[in-house]
Structure formats: C-alpha cells, structure tokens
Amino acid sequence: MPTHAATSKATQAYLEQYDAAPEAEKFPLVRHWIDTQPLPFFKELREKRPVFITRACTLLTRFDDVTEALNMPGIFTVAPYGPKMGNGAFLMAHDDDALHTREKSLMQGILNRDDLPQVRTMVAKIAASILQSANGRIEAINDYCRMVPATLVQDYFGLRGIDRRKLIQWSFWNQFDFFYNYPFDLIPAEKSKEITDRHNQASEELAKYIKELIAGRWLLVKAEKGKNVLFAAWYLFQRLLRRLSGRKNDKRLTDDIVTRLLRTSYPDAVDFDIERLGINVGGLLIGAIETTCQAAAQVIEYLLESPEWLAKAQTLAAQSDCAAFDGIVWEALRFVPITPYLIRQTSIDYTIGKGTDHETPIPAKTTILPVTQSAMFDPRAFENPDEFIPGRNWYHYFHFGFGIHECLGKYVGMVMIPEMVRQILLKPGLQAHGGIDYEGGHLPQRYELSWS
Ligand code: HEM
C-alpha cells in the first residue's frame, strides 16, 4: 500500500536484515519494504544490489536497466499478463507481434490527439459539476476520482446506456487482478481466488454489455451511412460552404470513440473485425477508470500533505496556462505513482547491465519487476532526485510506462489527471478528513474531503 511516510531517507541497512533473515522470511520482508518504505529501500538497492534476485522475482532498480528491459519486449515479455487477459485476447498481452502493432496503432489514431483540448474542457466541466453538487463535502474516491473518468468513458469514449457504477466495478476488478494479484503480492490463496472470480464475473458482464452497445451503435452508423448516400449532394454542398467560410478547421467534437471506430472501414486484410473492435472498446474502459482514480487521488493527498506545494499549486490552478500546474502534478506522481513497478518475464537467458560492475545473468522464465519508481529516483537520470522539482524532463518519467507497452490512454490521462486535481484544488478551504483508505489493498477505496 502506498504511503507518504515513504520518503527517501538515509539508507537503513535493509540488505543486512534481508541476508540475515531465514529463507522463508526473506521475500515477505521485501514485500513489506516495497509497500511501506519504497524510496529508502530502492535507494539502497540501487547503490548496493541494483539487480536484486529474490525467490519470487528479480527487481531491476536502476534507470538504465529498467529502460534496457522495457525496450526489449521479445525478451522481457508480458507473459504474466496472458492468463489474466483472456489468454491473449487483448493487445496488452502481446509483445512485439502483428496484433499488437496493428491494434495499438489503429487505436492511437482513433484517439486523435487533436481532441485533447476539448477532452480537457469536458473533464473540467464534468469535475466542476460533480463538485458543485457535492455541497462542500465528498467521498472523493467513489464520487469524484472514479466518477469523473467513468463519465468521460461515457461522454468521450461513447460507452453509454449503462450505470457508471457498473463501469467503475468492471474497471476495478480487472485492474485488481491484472496488476495486484500475483504470487509476489503474497495474497492468501482464498482472497486471490476471490479476486480472480470477481474479475471473471466482471469480464462476462462487460462482454455482454459491449456486444449490445456495438450492435445498437452499428445499426445507427449503418442508417447514417444510408442517409449520407441519399443526401450526398447536400452534404458536399455543406462541406463546400464550410470551406468557403473558412470553417474547415473547425475541430469541435462531433462524435465519440465507439462511433468513430464503427464509422471507419477496415479491409479484411487489416484483420480488425467487429469482435476485435469490441475487445478494444472494453480495453478503453478498463484502462481509464481505476488508473486515473488512483493517480488523481494520490496526487491530491500528496499535495494536501505538502503545504508549500499546495499553496503554489493552488495559485497556479487559477491561471489559464496549465503547463506549470501540470508540472507539479507529474512531479508529485513520482513520489506516489500508481505502482512502483511493472511486471515482465524473461523468454530466454539474458545478461542485464552487460559491461557494468553489476552485470547479472538472468535465466529464462524469471519474473522481473522493472522498478519504475526506483528508476525515477536514480541520480543517473534525475538531478537531486529526493527534491521536489516540477518541470523535470518529461521523457524520464515512467507514469504511463515505457517502450512498446507504453499506455494507449497516455495523452487522455495527461489532460484528465491534472484537470481533476486542478478542479478540486480550486475549492477554497479544501481539507482531508484522514488519509486515503486502501482497505488493506493497493487501490484507494475511500477519501473524505471537504471545502468551505
Ligand atoms: C485514460 C485512459 C487509459 C486507457 C484507455 C489506457 C489503456 C492502456 C492500455 C491499452 C495499455 C497497454 C498498452 C500496450 O500494451 O501496448 C496501457 C498501459 C499502461 N497504462 Fe494505461 N490507460 C489509460 C490511463 C492510464 C493512466 C491514467 C495511467 C497512470 C497514471 C496508466 C498507466 C499505464 C501504464 C504504466 C501502462 C504500462 C503497463 C506495462 O507496461 O506493463 N494508464 N494503458
């Protein structure tokens, strides 16, 4: 569970304790330190044992080794995700192959980056309206941090006709099982099975909903195409008028992502049939809600607990240019990222850090944790890493992953998260009533906030 007490203090001889512990107690100690004191623990690893081999997994803690591994998807594979993602049904469970390249790039094009200014405006409106009706007090995890992305999933992605609480549930159980239910999480077997069962149930409900959504929307798009043929001359005339009046660059959003996907024709040779389209629509929902919620909630908490940066952020929140405000959000997220590591498995024997003094052979089939939070505190890439310095080199952050599996929703997340934080920081007298309650897990569950 993330904790803010976990600042980068002096080295605390973790490795001495680890080496002296009986075999059965070694990995539980590692788990405990990752969960409660990640920064000083990672610091000692970076300095003394940068490639840290344990019975459960191998941790890569230096910036160079993390990027080396994430740049070689055929060797450091996403095999651990496979069984949790319909045995390869979703692109994220594919490494350097045709399906991944094809579907990722199609979806990246459809999520047109030119939409982003309007997406930010949509987020601002959704967030402001939720806060307005909260009347000065809110349980921020369910009613704000999950509700804003769930509403965007409806309004921008186009997953309408369903209670937002259902969307939230489906994203939660998928993310819980995908990222926080592995042997190295040390979850009791019964609890682990319950998470998988809830995930399977959520996937069944989600698949049924997506099928109905796509069928209904497909009919609308077909009807629209028929109408377009009938009125083709009229539409051409309208387009000509728009061009002559200089409105051809009008970038107002006139659709949503599901509709945009259905309006597009994919030749058979592209291999993107209606089933593949539906799976990717499900991926948009799963990816969007729980990640955004956790990032926004943890940044809000971090700032509320850092008076100096809270004051600066509140001043910047009132300005129309968002760049400096957003820089504070991304730097805060370095201290409280949604996860300290990503998850991979080696496909062959491989020697990491070749030619360095920590070069280490790793056998095939080893579970690897590229510890991205540790990489974001590595002085080799981050000057004065323990200091809070907004406006750092964006390309060194790992907030949205790295390499070919870098987040599909990155650019949406890059406007949604800071705008959610901004809207709430604009509330005068904002205060927390206790910290985020994780209910013993990794994902936030409750956080009481009020304002005057
Ligand atoms: C806004 C909507 C979002 C969508 C639709 C989305 C979707 C996805 C997808 C499909 C992938 C897999 C990409 C691949 O394997 O090639 C991915 C990866 C990832 N996403 Fe997102 N995501 C969203 C938001 C976020 C947010 C807000 C965060 C964090 C703040 C985040 C963090 C990540 C990370 C770290 C990865 C890499 C996982 C890995 O390499 O193992 N995502 N996302």
field: All-pairs alpha carbon distance profile, the range 304-409, 5 Å steps from 0, percent
entry: 2, 10, 16, 19, 18, 14, 8, 5, 4, 3, 1
message: Restricting to DSSP loop positions (anything but H, G, I, E, B) with no more than 13 other Cβ atoms inside 10 Å of their own Cβ, which GluC sites (Glu not before Pro) remain in the range 400-441?
response: Glu406, Glu439
message: Loop only by DSSP, 15 or fewer other Cβ within 10 Å of the Cβ. Give me the trypsin sites (Lys or Arg not before Pro) in the range 51-131 that pass, ordered by residue number.
response: Arg55
query: Taking the Cα-to-Cβ direction at Asp197 and at Leu230 and moving 7 Å from each Cα, how far apart do the two end points lie in nm?
result: 5.3 nm
- prompt: Can you list the cysteines of the chain that have no other Cys Cβ under 4.7 Å away?
  reply: Cys57, Cys322, Cys407
- request: Can you quote the Å³ per residue value for the convex hull of the Cα atoms in the chain, rounded to an integer?
  value: 165 Å³
field: the chain, dipole about Cα centre (Lys/Arg Cβ +1, Asp/Glu Cβ -1), debye to the nearest 20
entry: 1980 debye
field: Computed [θ] at 222 nm, deg cm²/dmol, the chain (DSSP H ≥ 4; -39,500 (n - 2.57); rounded to nearest 500)
entry: -16500 deg cm²/dmol
message: Angle check, please: helix 116-134 long axis (alpha carbons) against the longest principal axis of the chain (alpha carbons), in degrees 0 to 90, nearest 10.
response: 80 degrees
message: Can you tell me the orientation of helix 164-180 relative to the chain, as the angle in degrees between its alpha-carbon axis and the longest Cα principal axis, to the nearest 10?
response: 30 degrees
field: Relative counts (whole %) of C-alpha pair distances in the range 201-335, using bins that are 10 Å wide
entry: 9, 23, 22, 23, 19, 5, 0
message: Using the alpha carbons of the range 378-447, what is the convex hull volume per residue in cubic angstrom, as a whole number?
response: 166 Å³
field: Whole-Hz couplings from phi, Karplus 6.51/-1.76/1.60, listed for the range 271-283; x for Gly and Pro
entry: 6, 10, 7, 5, 5, 5, 4, x, 4, 6, 5, x, x
- request: Filter the chymotrypsin sites (Phe, Trp or Tyr not before Pro) in the range 219-320 down to the DSSP loop ones having no more than 16 other Cβ atoms within 10 Å, then list what survives.
  value: Phe231
- prompt: Tilt of helix 98-110 relative to the longest C-alpha principal axis of the chain, in degrees (0 to 90, nearest 10)?
  reply: 60 degrees
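The numbers here are math on the coordinates, done by the rules we state, and not lab data. In this text the structure is predicted, and so the values were computed from the model without any measurement. Virtual Cβ from ideal backbone geometry, glycine too; neighbours counted across all protein chains shown.
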